[in-house]
Amino acid sequence: MNLLETHGLEKRYGNYQALTDLSVAVPQGSIYGLLGPNGAGKTTLIRIINQITGPDSGEVLFDGKPLSSSDIYRIGYLPEERGLYRKMKVGEQALFLAQLKGLDRATAIKRLRHWFEKFGIQGWWDKRVEELSKGMAQKVQFMVTVIHEPELLIFDEPFSGFDPINAQLIRDEIMELRKNGTTIIFSTHNMASVEEMCDHITLINKSRSILSGPIDEVRRTHGSNVYSVAYRGSYERIAQTLQQPGSGIELMAHHTDGTTPVLHLRSALDSTNALLQQLMPLMEVVALNPLVASMNDIFITAVKDYNQAHGIKTA
Amino acid sequence: MKQIFLILQREFNVRVRKKSFIIITLLTPVLFAGLMVLPAYLMQRDDEQLRHIAVADLTAAYDSVLRSSPTLRFSYVHDTPVDELKTTFDKAGYYGLLVIDSVAGNPNPQLTMYARRQPPVTLLTMVESTMEKEVEGRKLSAYQIDNLDQIMASVKTKLRCATINIDSQGVEKRSSTMVAMGVAYVMGFIIYMMVLLTGNMVMQGVIEEKHDRVVEVIISSIKPFNLMMGKILGIASVSLVQIAAWVVLTLLLSSTAMNLLGADAAAQMMSSSGIEGVTDVAAQPANEMLEAIRNLDFGLIIGSFVFFFLFGYLLYAALFAAAGSAVENEADTQQLVLPLTIPMVLGLMVMLFTMKSPDSPLVQWCSMIPFTSPIVMLARIPFGVPTWELLLSGALLVLTFVGCTYVAAKIYRVGILMYGKKASLQEIWKWLRYKR
């Protein structure tokens, strides 16, 4: 069961193509990662889901029905460009934002008290926002995003601006919310957090979805040709040979593990045997292991490959 | 609707609770009342001062013609030479020295007032009119006409032209150009001030929201159009509360002050100035003026004021909001605010021209064009405006308001999400063609 689906979304701003035929399916109760370089179209997609802007064509289904204006009360959104009225008091402002999300005053106060306690910030109610540090303000931000207990939460770069302790606090809260059945979409550049938290991902590049699916599957299918090779021999000679076109092997990284040098290779060859045959004349192979590629590698490779295939220069 | 109200409430509360709002709301009436009361007070003070004038009558023909009054005392000085008096009169305690001299070939005496400072006009008028009367009287009696006093009394004539507005049914109304001008000027000016001030507040509010990065959080819960309208209406209610507080406090303060200064200070001023005749000349138009004020159609004037203020403000506020959405900080607003301010300033200038000729084509056109009509039409109303013109002007204003708000909302919607740069007019033009 998908809580949210988009079908064939298109969006243009003047001459700028922001989304092309974009379809995603966000399963109920999952944490869904939206990845992609800056300017790929992630924020546009998020804004369409939040009904801040509308698609030129295509549709958005929420809970099986076309998105309607009352759905904003069932969605919580923490934008990347986020802030609070600096001159307003924390409590008053949280109350205002909670009421905008459809809560009545009494419920809003009750829930806010609970969250203030949970975050240990009871003393802040009458403080002005401008007196808070950036990290403190972000806690308040997070609180008002989830205060109306939405079924779908959307976080755009949620960890930027947090110190490690607060980031961990927010991460725990997100996991807690998921445990209680909330579906979460988050857009980020932080690949470590994607690996740690996401169940599904979609990678958007140049307005299109170029990679999509459950994260395990993505990592399996896209990581199967990467190997780590411990060896003895001359790195210069190996590098020279592998860099010649047509070798079928791409040198991705080189480091020393203890005393033994290690290469990370991506192979376009049919089998591990074929790879070994290529490598053996160049070095003494000490060990060869298939690697599950990190999301970081998958991200970079997928974007690079896509841009090369479409003749786009990577900035 | 509930959301618009939430926004309205926030905008209102935040502004009304500001210290600066409270101070301005309380201090401005003090200033206004001061401006109303102080001149009267000062004139009263001035008049209470006794002025002692030395009179050197070189002709020796006008002895004791000038009589002392409570505020002026004339002392005829005979024994000191004039040249000496000129240097010493102030040491002798005189305010000034009046020299009455004759000139060969001129039947009239020549009057010269010597004073260390410029003497007040009331003093000069008093001296002139008393002396004129005396000379006239002597000339007349030189003709040796019998019953001169009776004749003089019977020929004495004073004429004033009353103005009465009459409609085609023959219903008459006493009017006063002075009153019409006063009312027109005050209303036009208030609208000009309030629309510009309040429009600027709207713009600053939009910039603040964008600058504080809170806007995207908010528009995930509310449509940008509703946010804009809530803000505009919230700030409008702040202004209305402020205007109401100003009017009430100013009236209260000035009437209290007038009472403290002593009853009818104004009347006292007139009589103590000692200008004969001024009192009854002034009294007559005062009554007429009161009647003219009473004859003004206050229902129409107040109704039109509220209507034109409201829609004039809404029209400009939407445009100011759009301008605010296109920039990130206040320093960048200049280029966008100028095109909004120019029609207002034009309206103010035409309003001043309305005083001179309320029915000229320029005035008529500007009272129709919605960007100037709130000011100019209001200035025309006290002079009388055909109903169809009033209705047409109102309808055009409402239509333009709807159109402009539509356009402004489109710009606003895109502008509030454009971070980190200031948009040029060209870019704003492009935004207009974005789809939702």
With every protein chain in place, the residues of the range A:66-85 shedding 30 Å² or more of accessible area versus the chain by itself (probe 1.4 Å) are A:72, A:77, A:79, A:81, A:83, A:85
Among residues of the range B:206-228, a drop of 50 Å² or more in 1.4 Å probe accessible area, assembly relative to the chain on its own, occurs for B:212, B:213, B:214, B:216, B:217, B:220, B:221
Probe 1.4 Å, heavy atoms of protein chains only: per residue, the accessible area of chain A in Å² is 46 Å²
So the B/A interface buries, both sides summed and with a 1.4 Å probe, an accessible area in Å² (nearest 100) of 2700 Å²
Of the convex hull drawn through the C-alpha atoms of the range A:1-82, the volume per residue in Å³ is 104 Å³
Lys and Arg at +1, Asp and Glu at -1: neighbours of residue A:9 with Cβ under 10 Å from its Cβ sum to -3
Per the C-alpha gyration tensor (a ≥ b ≥ c, the square roots of its eigenvalues), chain B is rounded if a/c is under 1.5, else prolate if a/b beats b/c, else oblate; here it's prolate
Cα-based Rg/(2.2 N^0.38 Å) for the range A:224-309, rounded to two decimals, is 1.08
Most fluctuating of A:11, A:110, A:206 in the GNM of chain A (C-alpha, under 10 Å) is A:110
For the pair residue A:287 and residue B:59, the simple spin-label estimate (label points 7 Å beyond Cα toward Cβ) gives in nm 13.2 nm
Per the rule of 0.36 nm per residue minus the C-alpha distance, extending residue A:276 to residue A:300 adds in nm 6.1 nm
From most to least accessible, 1.4 Å probe, no ligand or DNA/RNA atoms counted, A:65, B:410 line up as A:65, B:410
Here the net charge surrounding residue B:393, from other residues whose Cβ is less than 15 Å away from its Cβ (Lys, Arg +1; Asp, Glu -1), is -1
Net charge near residue A:71 (other residues with Cβ under 10 Å of its Cβ; Lys, Arg +1; Asp, Glu -1) is 0
Between the modelled labels at residue B:5 and residue B:359 (7 Å from Cα along Cα→Cβ) the distance in nm is 5.0 nm
Between the residues A:95, A:46, A:161, the Cα farthest towards the positive end of the dipole of the range A:2-220, that dipole coming from +1 and -1 charges on the beta-carbon of Lys, Arg, Asp and Glu, is from A:95
Taking the alpha-carbon centre of each part, the distance from the range A:285-308 to the range B:108-127 in Å is 104 Å
The Rg/Rh figure for the range B:49-155, Cα atoms and Kirkwood Rh, to two decimals is 1.02
Share of accessible surface on carbon and sulfur in the range A:2-220, whole %, 1.4 Å probe and ligands ignored, is 46 percent
Rounded to the nearest 5, the percent of antiparallel DSSP beta bridges in chain A equals 70 percent
Beyond 20 Å (Cα-Cα) in this structure, taken from B:158/B:356; A:42/B:410; A:87/B:231; A:101/B:2; A:65/A:110; A:110/A:139, we find B:158/B:356; A:42/B:410; A:65/A:110
Given unit charges at Cβ for Lys, Arg (+) and Asp, Glu (-), the dipole magnitude of the range A:224-309 about its Cα centre in debye, nearest 20, is 60 debye
Sorted on mean Cβ neighbours within 10 Å (highest first), peptides A:74-87, A:246-259 come out as A:74-87, A:246-259
Taking a ≥ b ≥ c as the square roots of the Cα gyration tensor eigenvalues, with a/c under 1.5 meaning rounded and otherwise prolate when a/b beats b/c or oblate if not, the range B:349-432 comes out prolate
note: the protein assembly as shown, Cα-Cα separations exceeding 48 Å make up a percent value of 48 percent
Counting only protein heavy atoms and rolling a 1.4 Å probe, one gets per residue an accessible area for chain B in Å² of 54 Å²
Ranking A:128, A:220 from most to least accessible area with a 1.4 Å probe gives A:220, A:128
Residues meeting the amide H criterion for residue B:76 (H placed from the backbone, H to H distance under 5 Å, 5 or more places apart or on another chain) are B:55
Taking r as the C-beta separation of residue B:251 and residue B:427 and R0 as 45 Å, the FRET efficiency to the nearest 0.05 is 0.40
Label model pair residue B:86, residue A:171: point-to-point distance (7 angstrom along the Cα→beta-carbon line) in nm is 10.1 nm
Across A:221, A:145, A:43, the residue with the highest GNM fluctuation in chain A (Cα network, 10 Å cutoff) is A:221
Rounded to 0.05, the calculated FRET efficiency for the beta carbons of residue B:143 and residue B:26 at R₀ = 56 Å is 0.25
So the angle from the long Cα axis of helix B:224-260 to the longest Cα principal axis of chain B, reported in degrees to the nearest 10, equals 20 degrees
In the range B:1-149 the accessible area split gives carbon plus sulfur, as whole percent at 1.4 Å, a share of 58 percent
The farthest towards the positive end of the charge dipole of the range A:2-220, of the residues A:124, A:58, A:70, given +1 on Cβ of Lys and Arg and -1 on Cβ of Asp and Glu, is A:124
If each part is reduced to its alpha-carbon centroid, the range A:1-80 and the range B:185-253 end up apart, in Å, by 34 Å
Quick calc, chain B, dipole around Cα centre from Cβ unit charges on Lys, Arg (+) and Asp, Glu (-), nearest 20 debye, gives 2680 debye
Measuring from its Cα centre, chain A shows a charge dipole (+1 at each Lys and Arg Cβ, -1 at each Asp and Glu Cβ) which, in debye to the nearest 20, is 820 debye
Square roots of five times the C-alpha gyration tensor eigenvalues of the range B:106-147, ordered largest first and given in whole Å, equal 29, 11, 4
Ranking A:185, B:220, A:238 by how far each Cα lies towards the positive end of the charge dipole of the protein assembly as shown (+1 on Lys and Arg Cβ, -1 on Asp and Glu Cβ), the top one is A:238
For the range A:224-309, the accessible surface attributable to carbon and sulfur atoms (probe 1.4 angstrom, ligands and nucleic acids excluded) amounts in percent to 49 percent
The convex hull of the Cα atoms of chain A, divided by residue count, gives a volume in Å³ per residue of 171 Å³
If the chain between residue B:108 and residue B:78 were fully extended at 0.36 nm per residue, the gain over the current Cα-Cα distance would be 8.7 nm
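The values are calculated or read from the model by the stated rules, or taken from the named source; none is laboratory data. Keep in mind it's a predicted model, so treat the numbers as computed, not measured. Note: ideal-geometry Cβ built from the backbone for every residue, glycine included; neighbour counts use all protein chains shown. Just so you know, the surface numbers come from the protein's heavy atoms only, side chains and all, with ligands and any DNA or RNA stripped out. Shrake-Rupley method; radii C 1.70, N 1.55, O 1.52, S 1.80 Å.
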